[in-house]
Amino acid sequence: MPATPPPLRILILGGTTEATALCHMLEGDSAFAPTLSLAGVTKNPALPTLPYRIGGFGGRDGLQCWLHTNKVQAIIDATHPFAATMSHTVSLTARELGIPLLRLERPEWQATARDNWQRVPSIQAAACTLADPAGLGKTPLTVFLTTGRKETQPFQAAPQHHYILRSIEAPVPEALPPITTLITAKGPFDLAAELATFQHYGITHLVTKNSGGSATFAKIEAARTCSLPVIMINRPAAALTRTVATAQEAMTWLQHQGAATVRAV
Ligand code: NAP
């Protein structure tokens with residue numbers, strides 16, 4: 001009988017629903033030896049029943065050292081579409097070390113004829129749009145801010161508005177605009193709940209990243225239903241890495257990598 005090949009050693013850079021889904025597919029599959037890596041930004045992350053590590057690697061050198069020490073044979077970059085630093089670092093490092101890398105990234109949301117989106121390139125640009133004295137800055141608005149607790153400071157430049165900030169964990173108070181109401185909540189959110197939030201707070205504008213996916217899409221539907229304007233922050237430029245949209249496609253790629261490694265031995 002032929003000997004069973006050793007499992008393929010994989011690093012999964014996570015922090016997303018897609019990474020979690022892939023980890024669930026890999027659980028108990030003896031063909032793979034995966035490690036999930038999380039940045040450590042969320043206090044109580046959902047963890048799979050497979051090996052994991054938490055915290056930054058320490059830049060390119062740290063990542064290179066970790067990949068080398070753990071003899072990693074394939075990498076899945078399933079970080080959030082806005083986690084541009086990590087994606088950039090891993091694409092450079094994987095190329096340097098010759099380790100196959102796949103990007104697992106959910107598609108962007110697309111505007112329909114019923115949407116009123118103003119697209120901006122960054123959080124700073126979203127804040128500038130709200131500060132503009134000749135535009136949205138003219139009259140106080142009630143802004144639903146859903147860009148995360150770490151990125152509230154730029155909105156201090158538009159202090160005339162009331163911000164309804166929703167984040168998973170509480171932000172640092174010094175980083176908040178002066179009139180802020182905090183909602184701590186974790187998705188997924190449904191349309192009825194989002195409509196109730198819009199109505200309860202009298203929201204006039206939504207500010208969001210174009211994160212994609214279904215977990216937080218209901219706020220886009222709610223803005224559409226209420227005919228409210230959306231300031232949509234475009235994704236940062238993507239690294240030139242082969243990309244798939246679903247955990248199932250990533251699984252297929254891993255199976256090919258596993259087969260290729262066996263052939264190469
Ligand atoms: P980032 O700006 O791209 O990365 C900042 C630093 O965090 C990286 O240089 C790296 O530190 C560390 N890091 C990021 N992802 C990591 C991972 N999966 N494992 C180990 N270290 C990681 O990332 P970010 O925007 O702060 O996001 C941090 C994490 O939250 C990501 O894993 C992302 O998937 C998740 N997330 C982000 C957003 C968002 O809107 N940005 C939304 C939801 C979830 P070292 O240089 O020390 O290695």
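Taking 37 °C and 0.692 mPa s as conditions, the chain diffuses translationally at an estimated 163 µm²/s according to Stokes-Einstein applied to its Kirkwood radius (Cα pairs).
For the chain, the longest principal axis of the Cα atoms and the long axis of helix 59-69 meet at an angle of about 30 degrees. Result for the chain in a Gaussian network model with C-alpha springs under 10 Å: among L206, L254, L63, the largest mean-square fluctuation is at L63. The distance separating the Cα centre of region 29-49 from that of region 177-203 comes to 30 Å. Note on the chain: with neighbouring protein chains present and a 1.4 Å probe, carbon and sulfur make up 57 percent of its accessible heavy-atom surface. Once the C-beta distance of T139 and M25 is scaled by a Förster radius of 51 Å, the resulting FRET efficiency is 0.55 to the nearest 0.05.
Could you give log10 I(q)/I(0) at q = 0.11, 0.16, 0.22 Å⁻¹ for region 1-90, computed by the Debye formula over C-alpha point scatterers of equal weight, without solvent? Values, matching the q order: -0.31, -0.64, -1.15.
Model label sites at A192 and A125, defined 7 Å from Cα along the beta-carbon direction, differ in position by 3.8 nm. Of the listed residues H161, H24, H68, H80, the order by accessible area with a 1.4 Å probe, largest first, is H68, H24, H80, H161. Candidates F144, A192, C65 compared by Cα position along the dipole of the chain: farthest toward the positive end lies C65, with charges placed on Cβ. P(r) tail, region 117-233: Cα-Cα pairs separated by more than 21 Å, 29% of all pairs. Mind checking the log10 I(q)/I(0) for region 44-177 at q = 0.13, 0.16 Å⁻¹? Debye, one equal scatterer per Cα, no solvent, two decimals. Debye intensities relative to I(0), on a log10 scale: -0.79, -0.99.
Helices in the chain, meaning DSSP H runs of at least 4 residues, each add -39500 (n - 2.57). Divided by all residues, the mean residue ellipticity at 222 nm is -9500 deg cm²/dmol. In terms of packing, defined here as the mean over residues of other Cβ atoms within 10 angstrom, the peptides 52-58, 214-220 line up highest first as 214-220, 52-58.
Protein heavy-atom accessible surface, 1.4 Å probe, per residue over region 117-233: 45 Å².
For the cross-link pairs K186/K209; K186/K219; K150/K186; K150/K219; K43/K71, the ones whose C-alpha atoms lie over 18 Å apart are K150/K219; K43/K71. Using only the C-alpha atoms, the convex hull of region 177-244 corresponds to 130 Å³ per residue. Averaging the sequence gap over all C-alpha pairs within less than 8 Å and six or more residues apart, then dividing by the number of residues, gives the chain a relative contact order of 21 percent.
The values are calculated or read from the model by the stated rules, or taken from the named source; none is laboratory data. Only a predicted model underlies this, so the values are computations on that prediction, with no experimental measurement involved. Glycine gets a Cβ as well: all are built from the backbone with ideal geometry, and neighbour counts include every protein chain shown. Ligands, DNA and RNA are stripped out before the accessible areas are found, and what is left, the full protein with its side chains, is counted by its heavy atoms. Shrake-Rupley method; radii C 1.70, N 1.55, O 1.52, S 1.80 Å.
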